[in-house]
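Accompanying notes for the structure given below.
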Amino acid sequence: MKPPVFDYYDPETLDEALDLMDRYGPEAKVLAGGQSLVPLLNLRLARPAALVDLNRIPGMDGIHLEDGWIRIGAMARQWDAEHAPEVARHLPILAEALRFVGHPQIRMRGTVGGSIAHADPAAELPALLLCLEGEVVARRRDGMRVIPAKELFVTYLTTSLEPDEILTEVRWPIPPPGTGWAFVELARRHGDYALVGVAVLVRLNADGSVAEARIAFTGCGPVPVRAEEAERALRGARPSGQLWEEAAQVAACSLEPPSDLHASGAARKHLAAVLTARALMKAAERANPGGKR
Amino acid sequence: MSQVVGRPIPRVEDLRLLTGRGRYVADLRLGGMQQVAFVRSPYPHARIRSIRAPDGRVYRAADLQDVRPIAPRWEGEGFLPTAQPPLAEGVVRYVGEPVAVVVAPTRYAAEDLAEQVRVDYEPLPPVPDVDAALSPGAPRLHSDNVLYRRSHVHGDPDGVFRRAEVVVRTVIRSSRCTAAPLEGRGVVAWHDGSTLWVWTNTQTPSLIRSALALSLGLPECAVRVVVPDTGGGFGQKMHLYPEEIVVSWLALRLGVPVQWVEDRRENLTASAQAREERVEVELAAGTDGRLLGLRARIVGDVGAYHVYPTTAALEPLGVAQILPGPYDIPHYAYEVLAVATNKPPTGAYRGVGMTVGVLAMERAVDLLATRLRLDPVEVRRRNLVSEGRFPYTSASGLVYDGGSFREALEQVCALADYEHLRKEQEEARRRGKLLGIGLACYVEYTGLGSTTFRRRGMTEVPGHEGACVRVEPDGTVRVHVSFSHQGQGHETTLAQLVADMLHQPVERIRVERVDTAASPHGSGTFASRSSVAGAGAVLAAAGRVRERAQAIAAALLEAAPEDVVWEEGRLFVRGAPHRSVTFEAVAAAAYRILPGGSVSPGLEAVAYFDPPPATFSNAAHLAVVEVDARTGSVRILGYFVAEDCGRIINPLIVRGQLYGGIAQGIGEALLEHAAYDDHGQPLATTFMDYLIPTVWEMPEDVRVVHLQHPSDRPGGFKGMAEGGAIAAPAAVANAVADAVRAPVTRLPITPELVLELVCRGSRDGVDRTADPA
Amino acid sequence: MTTRLRTIRLTVNGSTHEITVETRKTLADALREDLGLTGTHLGCEHGVCGACTVLLDGRPVRSCLLFAAQAEGHEVTTVEALGTPDRLHPIQQAFWEHHGLQCGFCTPGILMSTVWFLQHHPHPTRDEIREMLAGHLCRCTGYLQIVEAIEAAARSVGRKGP
């Protein structure tokens, strides 16, 4: 299983990379960590005319906190994000989600930006980005724009990035202090792509009622999905086991998950409800009412 | 006198394997070597209208006119032969079937060239499964779609069933699996002007050599098969494949070395697959749980062609013959069908026939226990053949030479603390947690001899093994055997046998890789035969060397041979220990300084061993699982084994074989499915979809007790190594069924299936033991 | 510098080699074919089995998912750097003593992951070992003796130093 011929470029500046993307357009693919792209090349399921390797461009892998956001350079390795002190302190849900991504050996090379841009329907990070209402920075030769998560994922393996754009940064807003969080996933084996995964945030008012909840699924459709109806239903409600179960049912009802070799759509729907209830319970346990630390 | 057999010595071969110095077929380099890639059918069933090739080395069936197809023979009724041409001729019958072959300087370039070959197919209606194959008006893949059928009646089963107080019936569906060794198949071939060299990671070197010679029209002495280090086989590598023939033909045609290494996609879709049977089992019993009769109908989906040498009959017939298992069942009738479909051929895979037979029988026994509200251990206890009854002839005609069926059951229950487990299960259930306990008792045929292969009709498999033990002039010992290794540690275990026979340290015994120019003829490594058939040959050859060494020593010491005794490293005259010679001196005398004509030169012996029809091992496995009723996940909390594989050569290795087999069994039970859709297209073409177990799927610990009841065979050994793969699917299936209180009738037990079962199991009081599922 | 064929300098096991390769050639193939280091094996070529794992700047990566050209300027470490039959690395020694391999095909990849792992987890728990090992498929051993070998290696590396 050897890759087909392509023109390989490993520019040392972002400008050179953007020039190449401008030149080749849809005929070029960006090579970041390669953990998703290179298998496709080896299987000859992807046949780009050119590969633009970003690995030699310095400064694209930073992880830092700025104005209430964790900004992660697209080329930051998933492993480094998982273990970054800023992430541990301010965005532990990202570390929890990353632990479901493949195995350590994959995460040593796979990148945060690459996973987002690849937009696998069963990947963890796109769903998390949607849950947190994060955004990405996309650069092209003559400009840049910021794309919020809800405008980013279009369909299977497709984002709204233009052919001449490169995703350079992923920005994660830090939830208000005291927000509870959980990322829960079910896969056939640990480390596999999710059958169903769910990212959940729960913020409680001072009186203990739900101020806000966010629920985002992966593995349940061509793109990650927010369970907006369930989120609305939770607002103002009193936490209880029954509340989480009911909200989980509402959330799952809104889904139309695919059927494949590993599970039917109906099974995924059922699993979505089960996992959501568990995630909501976990998130609520981690929440501090009124945002106290 | 220290004995090395029975000790857990670390392996000799590890020193090179650990340091990256193993030489697998992909590692071989010959000057001027070219790379090979195959053009494979994307259709399950199609006519080939034309093949247009670009410039370059591209070959198709028309170029291989004089090459004979793969057409294993079988003696006996009910067999419909098939002939698989090495490159498809006129019609393709499975996705992945080789249609053309290309040669280029690199594998990268070969794949580029392969893509440029334009094959014009006319798709034909596919036969995607057994139901389609057997339906009236189905497309015929050969003159008929039934490649093998056999029926057998012992006693009066119909009468027994009519009169029986209790009848339990179930239909078990095993999924299509594939062996998926980490190293795929591969071949390097080179004709050096007089000899065709073929390096191939085969489990059956002698058979492949003869088959290649026949196929290519060469005398056997002109074909030399050498087996490099092999990364797992599990039965998949025991067959003759079209690619082996084609690559060998290319070497003859091109006059340069050629190399082909299978990639993972090819391995998962074009190498022999396994299992996929539907087994209808009926048990007739008394209200006391005593089994009176057994009836079974076994239908195997065997793919498009017979495999060589064992044929499509191997797997389903194996199920039928082992089905009565360790139970005393006087009446039995079975019907076996091997049905052709548009899938890759079904071949051997660890636990051949036995895995699915044990699955079906152990599920049926548990259903009987549920029906009669008896403990599953008790039902088994009442029916296992007792130790006093051996040799015992089963209702399928197998003669169990020995066994410890009851002892194994008692031991595994003691090891697992069965009573305590049941209490724990009850408590857990009260807390809403579903634990399950599953048993699998089995008997296993190993080390089969020629009588068995002849009786089956399997004429292509000889049944014997051979060994040559040669002492070199410096006293080191070289051993050539007819059977290759794929990780079982033969270089160590066989050396241990010879070391004990010749009282030499293991380090001075060297077991060579198989090379048909140097190794004696034999059948190969499969069906757990090495410690019976293989060891038998090695012990016989080593025994003769030992006698000769004794005679030489006697001549040197001027004593009678019977007065010479052995001690580590030296031979001396009984009662006069100062009159001694070292083994090295004996070797030297054999080759250099001959004591005045009284001893002829040479210190080596060749021996062949055709074992008795079969040697039986047995074991009892017990699995403890936890089922998450809401997500359908199954976790294996504990696993216990009481195994009798006779005398053990190397406990470290035996333990490893058991664990490895259990892992494969767990994979088969919960994860593995080489699935095909209704159009005959494979769905599991990468490791993303064909899921083999990781470390997390194994229980943290597997507790084992060995009952080492020696066999009557040389050394007292029995075969082992398939046990985990034979019993684990049944033990896990029974455990899940026990946890959810609903019958498990098909594999793999996916989360979705568990959720279905949990739904059914919660409908209390419904007896599903008569469910055809 | 061309886009389809390049002459690159690869630093592997401490030595630098100049080779000319197609840019699409994977690091695994370059190691095996151009440098003759066949200890790194190919089990799947899509990043799942881990047999091809080498260290890149000390971190375990799938060499089947890297192009050789990408490794220029980095340090690659393969199993051949660990030890020889006469002088096994302590990790290799532990695998030998605990029967942590059968066919040996997946073993070099596991050894390389273990080298990195024990540097960062000198006193690993069983679960930590399994977390690392889950990135490797083995079809022969059933993993249990591999876990035992890694536990033993941790004790022995701890005594002798990495």
Matching option when the condition is under 19 Å from B:PHE234 (Cβ atoms) and facing another protein chain (nearest Cβ under 9 Å), among B:ALA663, B:ALA675: B:ALA663
Hey, can you tell me all the residues within region B:464-500 that are on the phi > 0 side of the Ramachandran plot and either free of Cβ contacts under 8 Å to residues at least 40 places away in the same chain or within 20 Å of the chain's Cα centre (by Cα) (or both)? B:GLY487, B:GLY489
Exactly one condition in (1) under 16 Å from the mean Cα position of the chain (by Cα); (2) part of a loop (DSSP other than H, G, I, E, B); (3) more than 27 Å from A:LEU18 (Cβ to Cβ); (4) without any contact (Cβ under 8 Å) to a residue 60 or more places away in the chain is not met by A:ALA95; state its number. (2)
Would you be able to say whether some residue in region A:193-216 is within 14 Å of chain B (Cβ to nearest Cβ), more than 18 Å from the chain's Cα centre (by Cα) and not aliphatic (A, V, I, L, M)? no
From C:GLU131, C:GLU151, which residue is within 10 Å of another protein chain (Cβ to nearest Cβ) and either at pLDDT 95 or above or surrounded by 20 or more Cβ atoms within 10 Å (Cβ to Cβ) (or both)? C:GLU131
Pick from B:ARG544, B:ARG529: which is among the basic types (Lys, Arg) and either surrounded by 19 or more Cβ atoms within 10 Å (Cβ to Cβ) or modelled with pLDDT under 95 (or both)? B:ARG529
Could you tell me which of the residues B:GLU626, B:GLU604, B:GLU643 is buried (at least 24 other Cβ atoms within 10 Å of the Cβ) and touching a helix residue (DSSP H, G or I) at 6+ places or on another chain (Cβ under 9 Å)? B:GLU643
Please verify whether region B:27-43 includes one or more residues that are within 14 Å of another protein chain (Cβ to nearest Cβ), in contact (Cβ under 8 Å) with a residue 60 or more places away in the chain, part of a helix (DSSP H, G or I) and touching a strand residue (DSSP E or B) at 6+ places or on another chain (Cβ under 9 Å). yes
Is there any pair linking a residue in region B:395-419 that is under 14 Å from B:VAL443 (Cα atoms) to one that is among the basic types (Lys, Arg) and surrounded by fewer than 22 Cβ atoms within 10 Å (Cβ to Cβ), with Cβ under 7 Å and at least six apart or on different chains, and which? B:ARG406/B:ARG381; B:LEU409/B:ARG381
Filtered residue count, region B:191-239, keeping only those that are among the basic types (Lys, Arg) and either away from every other protein chain (no Cβ under 14 Å) or assigned to a strand (DSSP E or B) (or both): 2
The residue from B:PRO54, B:PRO72 that alone is over 30 Å from C:ASN13 (Cβ atoms), crowded, with 21+ Cβ neighbours inside 10 Å and away from every other protein chain (no Cβ under 14 Å) is B:PRO72
Sort out which residues of region A:26-81 are under 19 Å from A:PRO104 (Cβ atoms) and away from every other protein chain (no Cβ under 11 Å), and write them in order of number. A:ALA32, A:ASP61, A:ILE63, A:ILE72, A:MET75, A:ALA76, A:GLN78, A:ALA81
Those residues of region B:19-57 that are touching a Leu at 6+ places or on another chain (Cβ under 8 Å), under 21 Å from B:GLU111 (Cβ atoms) and aliphatic (A, V, I, L, M) come to a total of 3
Criterion: at pLDDT 95 or above, out of contact with any Asp or Glu (no Cβ under 7 Å at 6 or more places or on another chain) and on the phi < 0 side of the Ramachandran plot - qualifying residue of B:ALA296, B:ALA369, B:ALA360: B:ALA360
Keeping to region A:154-181, report how many residues are surrounded by fewer than 20 Cβ atoms within 10 Å (Cβ to Cβ), among the hydroxyl-bearing types (Ser, Thr, Tyr) and in a strand (DSSP E or B). 2
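Yes/no per residue for (1) in a loop (DSSP other than H, G, I, E, B); (2) within 14 Å of chain B (Cβ to nearest Cβ); (3) hydroxyl-bearing (Ser, Thr, Tyr):
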site: A:GLU231; (1), (2), (3): no, no, no
site: A:GLU245; (1), (2), (3): no, yes, no
site: A:SER259; (1), (2), (3): yes, yes, yes
site: A:ALA263; (1), (2), (3): yes, yes, no
Only one of C:THR125, C:THR107 that is over 17 Å from the mean Cα position of the chain (by Cα) and hydroxyl-bearing (Ser, Thr, Tyr): C:THR125
Tell me, which residue of region C:1-57 that is of a type in the set (S, T, N, Q) and either in a loop (DSSP other than H, G, I, E, B) or within 12 Å of chain B (Cβ to nearest Cβ) (or both) is nearest to B:ARG21 (Cα to Cα)? C:THR38
Looking across region B:678-711 at residues that are closer than 17 Å to B:SER41 by Cα and small (Gly, Ala, Ser), the single one that is nearest to the other protein chains (Cβ to nearest Cβ) is B:ALA684
Checking the conditions here, which among B:GLU426, B:GLU444, B:GLU378, B:GLU407 is under 17 Å from B:GLN321 (Cα atoms) and in the same structural domain as B:VAL744 (by TED's automatic domain parsing)? B:GLU444
Could you grab me the full set of residues in region B:684-706 that are aliphatic (A, V, I, L, M), under 23 Å from B:CYS645 (Cα atoms) and either in contact with a strand residue (DSSP E or B) (Cβ under 6 Å, 6 or more places away or on another chain) or not in a loop (DSSP other than H, G, I, E, B) (or both)? B:VAL702, B:VAL704, B:VAL705
Among (1) out of contact with any Gly (no Cβ under 6 Å at 6 or more places or on another chain); (2) surrounded by 15 or more Cβ atoms within 10 Å (Cβ to Cβ), there is one condition A:GLU151 misses while meeting the rest; what is its number? (2)
Could you tell me whether any residue of region B:722-733 is surrounded by fewer than 24 Cβ atoms within 10 Å (Cβ to Cβ) and either more than 9 Å from every other protein chain (Cβ to nearest Cβ) or more than 17 Å from B:GLU276 (Cβ to Cβ) (or both)? no
Say we look at region B:399-430 and pick out the residues that are charged (D, E, K, R) and in a loop (DSSP other than H, G, I, E, B); which of these is surrounded by the most Cβ atoms within 10 Å (Cβ to Cβ)? B:ASP401
Mind checking which residues of region A:34-44 are within 23 Å of the chain's Cα centre (by Cα) and either assigned to a loop (DSSP other than H, G, I, E, B) or without any contact (Cβ under 8 Å) to a residue 24 or more places away in the chain (or both)? A:GLY34, A:GLN35, A:SER36, A:PRO39, A:LEU40
Could you tell me how many of the residues in region C:1-43 are touching a residue at least 60 places away in the same chain (Cβ under 8 Å) and at negative phi? 10
Kindly indicate whether any position in region B:9-22 is more than 14 Å from chain C (Cβ to nearest Cβ) and out of contact with any strand residue (DSSP E or B) (no Cβ under 7 Å at 6 or more places or on another chain). no
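The values are calculated or read from the model by the stated rules, or taken from the named source; none is laboratory data. For clarity, every value in this text was computed on a predicted model and none was experimentally measured. Cβ sites come from the backbone with ideal geometry, for glycine too, and all protein chains shown count toward neighbours.
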